[in-house]
Structures are given as structure tokens and as C-alpha cells.
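Working notes for the structure below.
We did not get these values from a lab; they are worked out from the coordinates using the rules stated. Just so it is clear, the structure is predicted and the values come from calculations on it, not from any experiment. Virtual Cβ from ideal backbone geometry, glycine too; neighbours counted across all protein chains shown.
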Amino acid sequence: MKNFVLLLTFILSLQLSYAQHPTCDGTRYLDTVFTTVDTFIGVQFGINTTIAGASDTLLMDIYQPQGDLATNRPLIILAFGGSFILGERQDLGELCYNYARQGYVAATIDYRLYDGPLFPIPDSTVIADEVMKAVSDMKASIRFFREDAATSNLYKIDSNIIFIGGGSAGAVTADHVAYLDPNDNIPAYVQTAINNNGGFHGNTTTNIQYSTEVSGVLNFSGGLQRAGWINSGEAPLFSAHDDGDGIVPYEQGYATAGPFDLIYMEGSKIMHDSALVANVQSQLITVPNSTGHVSYQSAGSPFRDSVFLGSSQFMHDIICPTITSFEPIASENNPYTALAYPNPSQGDMYIQVSELPSNYALTAFDQTGRLVYQKENINQQETVLYQQDFAAGLYFVRIQFEDTTIPPITTKVIFQK
């Protein structure tokens, strides 16, 4: 215990590893700080040809906080779901609106949908081509904003902080934008699809002098063809997924459209595990015992607020880092992780361990290293920290398994009143 308190004191004495963004004020990017939002509807960012040969003009809707005095805001680009066959950018308008009220600029984009024959069912080669078309389109949307920031600066984004994400097929698109690159072990048919769609830059726009690197990924029930494509140094990952999802697998299997298998995918759980092995920051919220697909975005879901606030906290900690050490990171000798949500919390908070290799004790320390909470012999993956037991502030939560061969897990949490 003494060593742990000394470690806390040492960490708190360190200078920040990353400079905070000038817009950070303790509430922006976490809370709703703007009451109204301005929108730019139907902004064209590209044009390209569909699988069936049709010309598709690609538009986006852009949401930004009304009356915002900041001139370099983080950007979120989101893509809708629908098995690459259905859906429209307006499906994510509410989510963009809510992020904009927190201080982000948020955009929901078009991408080319599959318009070829549905019978016979498209095989993996065709689906890979469709995914690469969507990837090309999302990369074009990233370059659109970076070009604007370097020229007219209409949208006043910080081109160094761009998050991408989406739901279902939109998340699959964002995952491949972030993690598929020339150094990966790519199956031949996927490489053919990449080559046929302009290579790794894509062919939706020609302004390839602008980077498509991103600061983080919001993976709402998506997946990668190969989770091993996540490599050290790549973008941090935030995921949410139903553990019994029958459309995009939580672990691995075939993504489906109705009764039909489309293409092999490795879902959020495998991506999360692969990210941790690669020392890439990753957080995963699992909706347990659920066969739904993106069920947590439904109005009545008890996970709706947790996922939204968790994603906000994830991005906030990248934009406004405070302490860089106390993150739930697995190492070679500790494959287990923990997640606190919602974090920060204005009510009770849930602590979820990835697996339960043995019972464990949970302790919490305040910023001075004082022990303020202790619970022992916990025998379930999820436990509750009740708000009434904590004053407002930042705490360090430590999980120590009874199996002493497993190193403890430590992370930071924030209670707000």
C-alpha cells in the first residue's frame, strides 16, 4: 500500500506528457455547454462512381456550436449504418447535434452504397470492393476538412484533432480508414479491391496532399476484416457492442444482411484485445446478454447515456489529457482490463473487468493518495461505485485479484455533483 501511495504522489508531480488543447476548460467536450447548434446541410465533399456505374455526389451535414468563440475545434466525422445497402447521413444527425453541444464540430457523411444485383448474394470479393469505396469516401471527407482549415477556414476546425466513427457499416468503414495500411498482411482479394479504388489514398478526390490520419476512432458495433491490422502507434479506439450481435459479430464470424452471410469480420471484442496487445489505447463497453445490434442507441436502453458519455470522455482525454499513466492497459503479463462508465459520472458508476480469473478487491484513493473506499472478495465482473460514497473529484481505482500472480489494474475516475 505504501508503494502505491508513493507511486500516486510521483505521478501527480509529473508534468503533462501532452499539452492540453487551448479550448480545454474542464467542462467543454464532457458536458452540454452550448444550447443551440448551427448546421450546414448538404455540403458537397466529393463525387465518385458506384459499383453499378452510377455517378454519386457525396454530401455531408456539418454541426457546430452556435456562438462559439473558439476558432480551432476538434472534429468528429461519422458514417451511418445499413449493411452498405441502406441508410442515410441524416440517421446520425441527432448524435452530431449532441456532440456539437459539447463543443465539437461534427459531420455526418454520405458514402457510396451498394447498388449492384442482390441475387446471387454478393460474395466477399464484391463486399470488399464496396467497403473500399466507402473507405475512399470517408478519407475524402477528412481531406475536405483539412483543405478547408488550410485555405478558407470556414469551419474553424483543428486539423490536428480529427475523430472518425460510425455505426455498424459506418463503423466498419471508419475502422478500415484508421487501421488498414500498406504494412498489414492483406489478403489478395482485399488488396485487389484497394487497388481498384485508388490505392490507400482512394480516388474520390485528388487533394491527396492532405493527410487522412486521425486522432481516435468511435467504433459503434463495427469490425475489421483482421483485427491484427491494429498496430502500435495507431489511433486510440473506443468501442461499444452487444455481445450477442447477429449482424456484426462481437468477436468473430460473418457479418450478415438478413439471413445471408456477407464477409468474415472480427468485431469489437477482438479489436479491443488486439489493440491492447499492440499497446494502443482501447476502451470497450459491452452490452451483456443482448442479441440486439447497436441496441444501446435506442431511446430506452440503459446503456445509451453510458456509451455517449463514455465516448465523450474518451475524446476529452485525448484533447485535454490530465494524467497519462492511469489507463486500463493490458501488458504481456496481464491480459485483463477494466472499464469505468459513465466516467465522469454525476450518479453511480460501474466498474467492469474484462474477465474474472479470481475474486478481487477494489480500492479507491483520492488525489492525495488517501484511501477513501475499499471493497473485498468481489466475485462478479461488474460492481457499482455509489455516488453517495464519494465527494466530487478525481479518484484512482485499483483492482487487485486474489490470484496474486495477476498484476493489479489501476485507472482514474471522476465523480461530479
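Beta bridges assigned by DSSP with both partners in the chain are antiparallel in approximately 65 percent of cases. A cysteine counts as unpartnered when no other cysteine's C-beta lies under 4.7 Å of its own; in the chain this applies to Cys96. For the range 36-87, the extents of the C-alpha atoms along the principal axes are 45, 21, 17 Å, listed from largest to smallest. Computed over the range 25-150, the percent of Cα pairs more than 17 Å apart is 59.
In the range 119-252, the inverse of the mean reciprocal separation of distinct Cα atoms equals 15.6 Å; this is its Kirkwood hydrodynamic radius.
The H on the amide N of Asn219, modeled in the peptide plane, is under 5 Å from the matching H of Phe238, Ser239, Ala240, each at least 5 residues off or on a different chain.
Calculated FRET efficiency, Ser152 to Leu394, Cβ-Cβ distance, R0 = 56 Å: about 0.90 to the nearest 0.05.
Within the shell of other residues whose beta carbon sits under 15 angstrom from the beta carbon of Ser152, the net charge comes to +1, with Lys and Arg scored +1 and Asp and Glu -1.
Distant-in-sequence amide contacts of Met265, defined by a placed amide H-H separation under 5 Å and a gap of 5 or more residues or a different chain, comprise Gly253, Tyr254, Ala255.
Comparing Tyr210, Tyr104, Tyr386 in a Gaussian network model of the chain where C-alpha atoms under 10 Å apart are linked, the largest mean-square fluctuation is found at Tyr386. Can you tell me the length gained on complete extension of the stretch Glu94 to Thr50, counting 0.36 nm per residue apart and subtracting the Cα distance? So the extension gain works out to 13.1 nm. If you plug the beta carbon distance of Gln66 and Ser298 into 1/(1 + (r/R0)^6) with R0 = 30 Å, you get a FRET efficiency near 0.60. Among Lys269, Lys133, Lys156, the residue with the largest mean-square fluctuation in a Gaussian network model of the chain, with springs joining Cα atoms closer than 10 Å, is Lys156. A viscosity of 0.890 mPa s and a temperature of 25 °C, combined with the Kirkwood radius over Cα pairs in Stokes-Einstein, give a translational diffusion coefficient for the range 224-297 of 196 µm²/s. Of all beta bridges that DSSP places with both ends in the range 199-329, some 45 percent have antiparallel geometry.
Grouping the Cα pair distances of the chain into 10 Å bins from zero gives a pair-distance distribution of 5, 22, 32, 25, 12, 4, 0 percent in increasing distance order. For the range 333-391, the normalised intensity computed at q = 0.15, 0.21, 0.31 Å⁻¹ comes to -0.48, -0.92, -1.36 (log10 of I(q)/I(0), Debye sum over alpha carbons, equal scatterers, no solvent). Here the range 265-285 is scanned for amide nitrogen atoms under 20 Å from the site 7 Å beyond the Cα of Ile85 along Cα-to-Cβ, giving 265-266. Mind checking which lysines have their Cα closer than 18 Å to the Cα of Lys412? Skip sequence neighbours fewer than 8 apart in that chain. The qualifying lysines are Lys375.
Which whole DSSP H helices in the chain pass both tests: a Cα extent of 27 Å or more along the axis and a mean Kyte-Doolittle value no lower than 0.0? The answer, listed by residue number, is 124-150.
For Val287, the residues whose modelled amide H falls within less than 5 Å of its own, excluding neighbours fewer than 5 places apart on the same chain, are His241, Asp242, Asp243. With a cut-off of 16 Å on the backbone N, the residues of the range 155-191 near the modelled label site 7 Å out from Gln252 along Cα-Cβ are 185-187.
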